[in-house]
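Here the structure comes first, spelled out in structure tokens, and everything after it is commentary.
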Amino acid sequence: MESIAPGAGFERRSRLRAGEVLLWLAIAAAPLYVPGHLVLASQILITALFALSLDLLLGYGGMISLGHAAYFGTGAYTAGLLAQHGWSEPISGLVAAMLVAAALGFAASFVIVRLSGVALLMVTLGLGLLLFELANALADITGGSDGLQGVEIAPLLGLFGFDMVGRTGFVYAYLVALGAFALVRRIVHSPFGLSLQGYRENPARMAQIGAPMAARLRLVNTISAGLAGLAGGLLAQTTQFVGLDALGFERSAEVVIILILGGGGRLYGGLVGALVFMIGRDVLSEANPEYWYFWLGLILVLVVLFMPQGILGGGAALLVRLRGRAALGEAAR
Amino acid sequence: MAVELLTLLFNGLAYGVLLFLMAIGLSVTMGMMNFVNLAHGAFAMLGGYLGISLTTRAGVPFLAALPLVFVAVGAVGAGIEVTLYRRFYRSPQLTHVLFTIGLTFMAVAGATYVWGSQIAAMRVPDWLIGQTMFLGLQVGSYRLFLLLVGGAIALALVFGLERTRFGAMVRATVDNRRMAQSLGIDVGRVFSLTFALGSGLAGLGGALAVNFLGGIQPAFPLGYLLVYFLIVVTVGGLGSTLGALAAALLLGLADAAAKFYAPVIASFAIYLVMVVLLMWRPHGILGRR
């Protein structure tokens, strides 16, 4: 038996897999096989990024949020307002969107780490609605229910203009999403990420072993908020518009649904969920826009009833079962 | 000035009573099973639409329609509890939230399919239209009716919970489910009955709310109503009837006052108050846990 160095498990788990590289290459090749749907493809990437930010908090950290759109919308309005007031350079605008949302997340985290259960649900819901109503009331600044008009974004790096086909937008969203996934990948495989998962599994025990969880939860809430703001800023810049729905309860609910659909607590759960959800919405709401919510509700009910671990979790369980059966067959031979 | 203040007080109380009727079922069932039922507003919506259909299409008199709505929505609630909710009581709260949001979305789309997406209003009898003199105050007849009916039901509920055998069983189950079970209380049955009663009251409240709010829309259970319910429940303290009553009346008064004096900030001030209250007392004003 070989001796195993401490931390070898981490290394094995955090090693880059061929599947991941293939996945990102496949996404990068989207302009080749769906050239007419690049706008949808960017929106999927943005939604995946938003779901990833929630995954860090809910999937890994086990903290429910029903108001995550607060950070998404804050990022969107930050990027949109900067551009509207003449700061049209996209990258710095995006960084600003991330920082403002992260600052809000940091401020909110002092409230959030003190609560759990129903009170946590209520406060996150309340904070989300608070910002929504605030943006609605400040119609002079935000445009109210008409949305933020006149958002002009300068060409990326001064070279690539944002066009109607969405080619620049897609590449831009792709690079940002890739960077964010790499960052979160690094975080969840770090000791910090493991302590979050420990908190999710058993908060009392984490306290008993002396882990400073309050500080760590504040940090993860801040990071998660910043990533959500990044997603919001991306949406504002690529669509050159910000509507009140960026802050709405529906968006907060949707992102939870997307994450659960794909599989929470898994790096690519949000991406898979966003892919299925956005394409599903595109197809189903084309046929019957009014009843999209019926299908959404039905999907949610069915996932909760029959596939509580989401698509990725269900797939992994299936794989384990198939492998187990194969191993059994081998043993019998 | 004094008249204005009294009218405001009156309207706020009428609204508070309405909120209490719609939310009390949620408070008791959440306190009992720790089941976060975000679909509770859908029962109120169903009650509202059933009330509209009964009075306008089927020609049932308004006063006769109210008990019918109560019974019908209660039966629907009991059916959902027995077939669906029951299997989730041991699941984590995230599951409750997701499942009931899913049900709400389906209910909203279903209501759009059956009743259309327009605002639907209800016809009430002539004696409920216009103004009435009440204690020397000129008040809306419908609001007076609401206050009297709602107040009577609220009193009956508080009395029933404090003084009857079934009420004692409900309180025992809310306090300590395991202990209640060891004492021979059939917790499952108590919960089913309470859930049916709570959904029925939500339906009744919904039917009463149609004329008060000037009509309802399918998005009714998703919007501010859900939040107001949750405020009543969490601020009042889970499973506390008197707490829920106090919270509902306060919320009704605060809503009426804020909309009258500061309409611009009213919409978000209410959430601010809620967040601050929950930070101060995470288990409600009168909550014990």
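Observations
- One Cα centroid belongs to segment B:1-54, the other to segment A:275-297; the line between them spans 32 Å.
- The value obtained for the protein assembly as shown, namely the Cα convex hull volume divided by the number of residues, is 198 Å³ per residue.
- Helix axis angle, A:38-54 relative to chain A longest principal axis, alpha carbon, degrees: 60 degrees
- Rounded to whole numbers, the Karplus 3J(HN,Hα) couplings from phi for segment A:262-267 are x, x, x, x, 10, 4 Hz, using 6.51 cos²θ - 1.76 cosθ + 1.60 with θ = phi - 60°, and x at Gly and Pro.
- The C-alpha atoms of chain A define a longest principal axis, and helix A:117-137 lies at about 20 degrees to it.
- Computed from point charges on the beta carbon alone (+1 for Lys and Arg, -1 for Asp and Glu), the dipole magnitude for the protein assembly as shown about its Cα centre is near 2180 Debye.
- Other residues with beta-carbon under 13 Å from the beta-carbon of B:Tyr261 carry, at +1 per Lys or Arg and -1 per Asp or Glu, a net charge of -1.
- Descending by average beta-carbon neighbour count within 10 Å, the peptides A:315-321, B:37-43 line up as B:37-43, A:315-321, the highest first.
- Shape analysis of segment A:27-294 places it in the prolate category; the axes a ≥ b ≥ c from the Cα gyration tensor give an a/c of at least 1.5, with a/b above b/c.
- Part-to-part distance (alpha-carbon centres) for segment B:132-180 and segment A:243-273, which is given in Å: 40 Å
- Annotation: peptides A:108-120, B:195-207, ranked by per-residue average of other Cβ atoms within 10 Å with the highest first, follow the order B:195-207, A:108-120.
- Protection proxy ranking, highest mean first, for peptides A:292-300, B:95-103: B:95-103, A:292-300, where packing is the per-residue count of other beta-carbon atoms within 10 Å, averaged.
- Note on B:Val82, B:Val36, B:Val108: ascending count of other Cβ atoms within 10 Å places them as B:Val82, B:Val108, B:Val36, the fewest first.
- Whether segment A:37-103 is rounded, prolate or oblate, judged on the alpha carbon gyration tensor where a/c under 1.5 counts as rounded: oblate
- This model, with +1 at the C-beta of Lys and Arg and -1 at the C-beta of Asp and Glu, gives chain A a dipole about its Cα centre of some 1560 debye.
- Residue mean of other protein chain beta carbons inside 10 Å, A:113-121: 5
- Segment B:115-261: Cα Rg divided by the 2.2 N^0.38 Å rule of thumb: 1.23
- When only Cα pairs below 8 angstrom with a gap of at least 6 residues are kept, segment B:45-200 shows a relative contact order of 32 percent.
- Lys, Arg +1 and Asp, Glu -1 on Cβ, resulting dipole of segment B:119-264 about Cα centre, debye, nearest 20: 240 debye
- Among the residues of B:91-97, the average count of other protein chain beta-carbon atoms within 10 Å of the residue beta-carbon is 5.
- Crossing angle, helix A:69-84 versus chain A [Cα axis fit, 0-90 degrees, rounded to tens]: 40 degrees
- Dipole axis of segment A:27-294 (+1 Lys, Arg; -1 Asp, Glu on Cβ), positive-most option in A:Val171, A:Leu104, A:Leu32: A:Leu104
- At least 18 Å along the helix axis (C-alpha) and Kyte average at least 0.5, DSSP helices within chain B: B:2-33, B:40-52, B:62-83, B:93-115, B:141-163, B:187-213, B:241-261, B:263-280
- For segment B:2-219, with +1 on Lys and Arg beta carbons and -1 on Asp and Glu, the positive-most of B:Ser91, B:Asn211, B:Gly200 along the dipole: B:Ser91
- Counts of other chain beta carbons within 10 angstrom of each beta carbon in peptide B:107-114 average 4.
- Overall dimensions of segment B:2-219 as given by Cα atoms, namely Rg and Dmax in Å: 18.4, 55
Bear in mind these aren't lab numbers, they're just calculated from the coordinates by the rules spelled out. Every value quoted in this text rests on a predicted model; they were computed, and no experiment measured them. Because the Cβ atoms are built from the backbone with ideal geometry, glycine has one as well, and the counts that use them run over all protein chains shown.
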